[in-house]
Amino acid sequence: MDRGTVITLAYLLASVLFILGIKGLTHPRTAVRGNLLGALGMLIAIVATLIHWSIIEYHWIILGLVVGAVIGAVLALKVKMTAMPQMVALLNGFGGGASVLVAGAELTRTPPAPYSDALIATYASAVIGAVTFWGSLLAFAKLEEYRAFRQPIRYPLLQPINAVLGLLALALCVIGIGQPQYIGLYWGVVAIASVLGLTLVNPIGGADMPVVIALLNSYSGLAAAATGFVLGNAVLIISGSLVGASGIILTNIMCKAMNRSMTNVLFGVLQADEGAAKQDDVYRNVKGAAAEEIAMLFDTARRVVIVPGYGMAVAQAQHAVRDLYQLLESRGIEVLFGIHPVAGRMPGHMNVLLAEAEIPYDKLKELDEINSILSETDVAIVLGANDVVNPLAKTDPKSPIAGMPIIEVDKAKTVVVIKRSLSPGFANIPNPLFAADNTLMFFADGKRAVLDLIAAIKES
Amino acid sequence: MLNNCFLLAEQINEVAEVTQGSQLPLALALTIFVLAIFVGFEIITKVPPTLHTPLMSGSNAISGITIVGAIIAAGAGHSGLATLLGTIAVVLATINVVGGFLVTNRMLHMFKRKS
């Protein structure tokens, strides 16, 4: 067996391990092993590449590997679970950036023939990779809530400018694909796609971030696949398309969970309906309650459902929630969690936080399942969630969230909403749930409120 | 089964030697691309929502496979520019790979205990 065959077989083995690795993620029990299989596949692919005959010097490779491994390990071990969306955004970006550079290096090394598929793929890598890199960095800055990025930068003609940039990039690609010797064209495309990445992500924020992150995840995969076409390398194509498919599926799930199309999320602006009821009218009958009053509810309760939202992550309340969960369970009350697919800032965000707080995953219920048992629930606690429990989604067809599947906490006997104020959620509309007859508002910081509640229950 | 894989690899390799620069002819590359997308859709739709965050970070680490191209670009000893680009690409892709797999591992251990 010659060296080429060994390398190709190693890549095949790596691809199989990637597929088995993702397959492992279909259950929490097998997930750790799945991830390790994926890592093993990557190790095999890297070692196989290192024996490739075209490599003549190793010092730059080793330098790059060591620097990257140290940075990656520090990031992975230091990051807080609440900051996971930022972390994933950043990693997406690096993947895209690597694709741009690899395709660029290939072009400088051995310019492919004009109009060849390798050249087309090179330019595809430039566009997808650069959009992914800069889009992800901006998404990272938004999620970190850096001051300058809290609000989108406003300028007129948002979509026309994007269209012009897109067409310009496309035109340069077409010229570049005919003229491989002009490498400057490649970097021109990279520059325009970089700006496009920023202008595309700039207007999106808040509760729409899960869609953006999932989409950028998909792009990072597609960028890798495009680079695979450049190099004619099957393992890149296979892994890239796996990741591309994964990102698209997640994007789709997120959009469905908001009853909005992807175009609407990416290019539309959520606007409150002018004719909608005034906030003051909606909130006329709001009833506030203190921890002691709420604690009494649990004397007779048999089932409690907790619905967490982004507010729980902001308040870092997950450990306090775990203590409340344990206290209630110790008194024979069944406690379940209702997780909306778009709660938080990325797919599965709430699940990771609750897992960090050691709440068993079989207590976390999906939308349909939790809705079917909410009518037989004594107390529903809404913790830092708003739009995902807003009944207007069902009742008001003109509402910007009309048709969005919600967690129907209003079906529970009593609803406790823990929230700092009556301020609206991302959709910027009032929530009639807060003024419902069976709702008690507990105005406080999420963590503080849960701790007070625990103390009050222990006393009563 | 293994024999077939071996034969396929041999064939791909022969094609690679004939076509030199680009190792895979377009039709074959597209075949692989489309089939892999189907495989992806089949398995990923079965991942439960609880594991969507680890799925993103884990699949993200897998997309760091660009490291394979980066290593060759950095080590093939062509122009200084190609080597520089390759080296930066190795750094970025390694952060992607190491960071992605490690952070996924950290998260998944949280799901594993207590359940």
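The values are calculated or read from the model by the stated rules, or taken from the named source; none is laboratory data. Bear in mind that the values here come from a model prediction, so they are computed numbers and not experimental data. Neighbour counts run over all protein chains shown; Cβ positions are idealised from the backbone, glycine included.
Go through (1) modelled with pLDDT of 95 or more; (2) assigned to a loop (DSSP other than H, G, I, E, B) for B:Lys114 and report which single condition fails.
The single condition B:Lys114 does not satisfy is (1).
Mind telling me which of the residues A:Lys363, A:Lys411 ends up being facing chain B (nearest Cβ under 10 Å), closer than 24 Å to A:Tyr325 by Cβ and among the charged types (D, E, K, R)?
Residue meeting the stated conditions: A:Lys363.
Take the residues in segment A:192-234 that are out of contact with any helix residue (DSSP H, G or I) (no Cβ under 6 Å at 6 or more places or on another chain) and closer than 30 Å to A:Gly4 by Cβ; name whichever of them is nearest to the other protein chains (Cβ to nearest Cβ).
A:Gly232
Between residues in segment A:104-131 that are more than 18 Å from B:Ile71 (Cβ to Cβ) and not assigned by TED's automatic domain parsing to the domain that holds A:Ile192 and residues that are among the charged types (D, E, K, R) and in a loop (DSSP other than H, G, I, E, B), which pairs lie under 6 Å by C-beta distance while being six or more apart or on different chains?
none
Is there a residue in segment B:86-97 that is at the interface with another protein chain (Cβ under 7 Å from one of its Cβ atoms), farther than 23 Å from A:Ala214 by Cα and over 19 Å from the mean Cα position of the chain (by Cα)?
No - not one qualifying residue is present in segment B:86-97.
Please go through segment A:1-50 and give me each residue that is closer than 23 Å to A:Ala69 by Cα and in contact (Cβ under 8 Å) with a residue 60 or more places away in the chain, ordered by number.
A:Tyr11, A:Ala14, A:Ser15, A:Phe18, A:Ile22, A:Ala45
Take the residues of segment A:334-356 that are without any contact (Cβ under 8 Å) to a residue 60 or more places away in the chain and either part of a helix (DSSP H, G or I) or out of contact with any Pro (no Cβ under 8 Å at 6 or more places or on another chain) (or both): which is farthest from the other protein chains (Cβ to nearest Cβ)?
A:Glu334
Of the conditions (1) more than 9 Å from chain B (Cβ to nearest Cβ); (2) under 30 Å from A:Ile177 (Cα atoms), A:Ala98 fails just one. Which one is it?
Among (1) more than 9 Å from chain B (Cβ to nearest Cβ); (2) under 30 Å from A:Ile177 (Cα atoms), A:Ala98 violates only (1).
Examine segment A:203-218 for a residue that is within 19 Å of A:Thr251 (Cα to Cα), within 17 Å of the chain's Cα centre (by Cα), among the aliphatic types (A, V, I, L, M) and not in a helix (DSSP H, G or I), and state whether such a residue exists.
yes
Residue-by-condition table, conditions (1) acidic (Asp, Glu); (2) touching a residue at least 24 places away in the same chain (Cβ under 8 Å); (3) surrounded by 20 or more Cβ atoms within 10 Å (Cβ to Cβ):
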{"position": "A:Lys398", "(1), (2), (3)": "no, yes, no"}
{"position": "A:Ile401", "(1), (2), (3)": "no, yes, yes"}
{"position": "A:Pro430", "(1), (2), (3)": "no, yes, yes"}
{"position": "A:Ala435", "(1), (2), (3)": "no, yes, no"}
{"position": "A:Leu440", "(1), (2), (3)": "no, yes, yes"}
{"position": "A:Glu459", "(1), (2), (3)": "yes, yes, no"}
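Which condition number does A:Ser125 fail, the rest of (1) modelled with pLDDT of 95 or more; (2) touching a Leu at 6+ places or on another chain (Cβ under 9 Å) being met?
(2)
Looking at segment A:138-145, is at least one residue under 30 Å from the mean Cα position of the chain (by Cα), in a loop (DSSP other than H, G, I, E, B) and surrounded by fewer than 19 Cβ atoms within 10 Å (Cβ to Cβ)?
Checked against the condition, which is being under 30 Å from the mean Cα position of the chain (by Cα), in a loop (DSSP other than H, G, I, E, B) and surrounded by fewer than 19 Cβ atoms within 10 Å (Cβ to Cβ), segment A:138-145 yields at least one hit.
Which of the numbered conditions does A:Val305 fail, given that it passes all the others? Conditions: (1) at pLDDT below 95; (2) more than 20 Å from the chain's Cα centre (by Cα).
Here A:Val305 clears every test but (1).
Can you confirm whether A:Ile183 is surrounded by fewer than 17 Cβ atoms within 10 Å (Cβ to Cβ), in contact (Cβ under 8 Å) with a residue 12 or more places away in the chain and over 24 Å from A:Ile120 (Cβ atoms)?
Spelling it out, it is not the case that A:Ile183 is surrounded by fewer than 17 Cβ atoms within 10 Å (Cβ to Cβ), in contact (Cβ under 8 Å) with a residue 12 or more places away in the chain and over 24 Å from A:Ile120 (Cβ atoms).
Rundown of residues vs (1) closer than 20 Å to B:Ile72 by Cα; (2) modelled with pLDDT of 95 or more; (3) in contact with a His (Cβ under 8 Å, 6 or more places away or on another chain); (4) facing chain B (nearest Cβ under 8 Å), yes/no style:
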| residue | (1), (2), (3), (4) |
| --- | --- |
| A:Gly4 | yes, no, no, yes |
| A:Ala10 | yes, yes, no, no |
| A:Val16 | no, yes, no, no |
| A:His27 | no, no, no, yes |
| A:Asn35 | no, yes, no, yes |
| A:Val47 | yes, yes, no, no |
